[in-house]
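Before any comments, here is the structure.
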Amino acid sequence: MNIFATADIHIHDYPQRNPSEKYRLYQTKTVAQNIIDSAKLKNEKILVIAGDIMDKWNPRPYVQAEIKLFLDTLMSYFDEGYIIWGNHDQDNKTENSEFIDSCLAVMLPPNLHYADMKEITIDGCRIGFMNWRPKFDLSWIQGKLDILFTHATICYSDTDQFTSQKLDESKFDLAICGDIHRPAAKGKYVSIGIPQRCKMGDGEVATGVVIDTTTKTWEWVNLNPNDK
């Protein structure tokens, strides 16, 4: 069974960069179809969204409508999905992250499950999920996960101009993370990348990650397979 992971969609109007009214916002429909087209290439039917669907935690109603359409479109293809909140999704920026800290709480399709500090097992692979937090306490994990999906600021190179967050690496073999807007890997950490380039500082390629739960291996995949 393969799991398809995406993160950092950052849906927003971006009015200062629109060639026409709401052009960038309506591009979200293309992004959703790109993700589905990429997942179809290997018949992935389980989705993980590792945070930051939204660019702002309090989007205007017309932006919320596009976010809801985006989620419904994805989950019309995928059988099951799991979602966590990123820092951009949440009103509350403390360690006490909750389901109701994001307006996404009222948008989730029935087959897209909020998964903060939850664990599932697929093909014998232990998989856990955790929202973004300013500090990560992984004491809720009993023993060690095979894979942790989270949203964390990790320094993947010596040139990264920010302070890396610290996670207890004894609690997982592999961490698949949102937050860094480019594909990267270091040690136990893998950065998913982005399905669309929203800002000039973002990476130039659209990537997701596919995990084989039997072999517990991963690979980056192209999230714009038809060059849209």
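The values are calculated or read from the model by the stated rules, or taken from the named source; none is laboratory data. Because the structure is a prediction, the values reported are computed rather than measured. So basically every Cβ, Gly included, is an ideal-geometry build from the backbone, and we count neighbours across all protein chains shown. Please note that ligands, DNA and RNA were not included when accessible areas were found on the heavy atoms of the full protein model with its side chains. Shrake-Rupley method; radii C 1.70, N 1.55, O 1.52, S 1.80 Å.
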Exercise for review: Return the residue satisfying two criteria in turn: it lies in region 200-228 and is touching a residue at least 60 places away in the same chain (Cβ under 8 Å) and open to solvent by 70 Å² or more (accessible area, probe 1.4 Å), and of such residues it is farthest from Gln161 (Cα to Cα).
Suggested key: Thr214
Exercise for review: Any chance you could count how many residues in region 128-170 are surrounded by 12 or more Cβ atoms within 10 Å (Cβ to Cβ), more than 24 Å from Gly201 (Cβ to Cβ) and either in contact with a Pro (Cβ under 7 Å, 6 or more places away or on another chain) or in contact (Cβ under 8 Å) with a residue 40 or more places away in the chain (or both)?
Suggested key: 6
Review point. Among the residues of region 217-227, is there at least one that is out of contact with any Cys (no Cβ under 6 Å at 6 or more places or on another chain) and within 17 Å of Phe129 (Cα to Cα)?
Key: yes
Review point. Of a type in the set (Phe, Trp, Tyr), open to solvent by less than 60 Å² (accessible area, probe 1.4 Å) and touching a residue at least 12 places away in the same chain (Cβ under 8 Å) - does that describe any residue in region 41-62?
Key: no
**Study point:** All positions within region 77-121 that are among the acidic types (Asp, Glu), within 22 Å of Arg60 (Cβ to Cβ) and exposed (fewer than 14 other Cβ atoms within 10 Å of the Cβ)
**Key:** Asp91
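When the residues of region 159-212 are narrowed to those that are of a type in the set (S, T, N, Q) and part of a loop (DSSP other than H, G, I, E, B), which ends up nearest to Glu119 (Cα to Cα)?
Gln165
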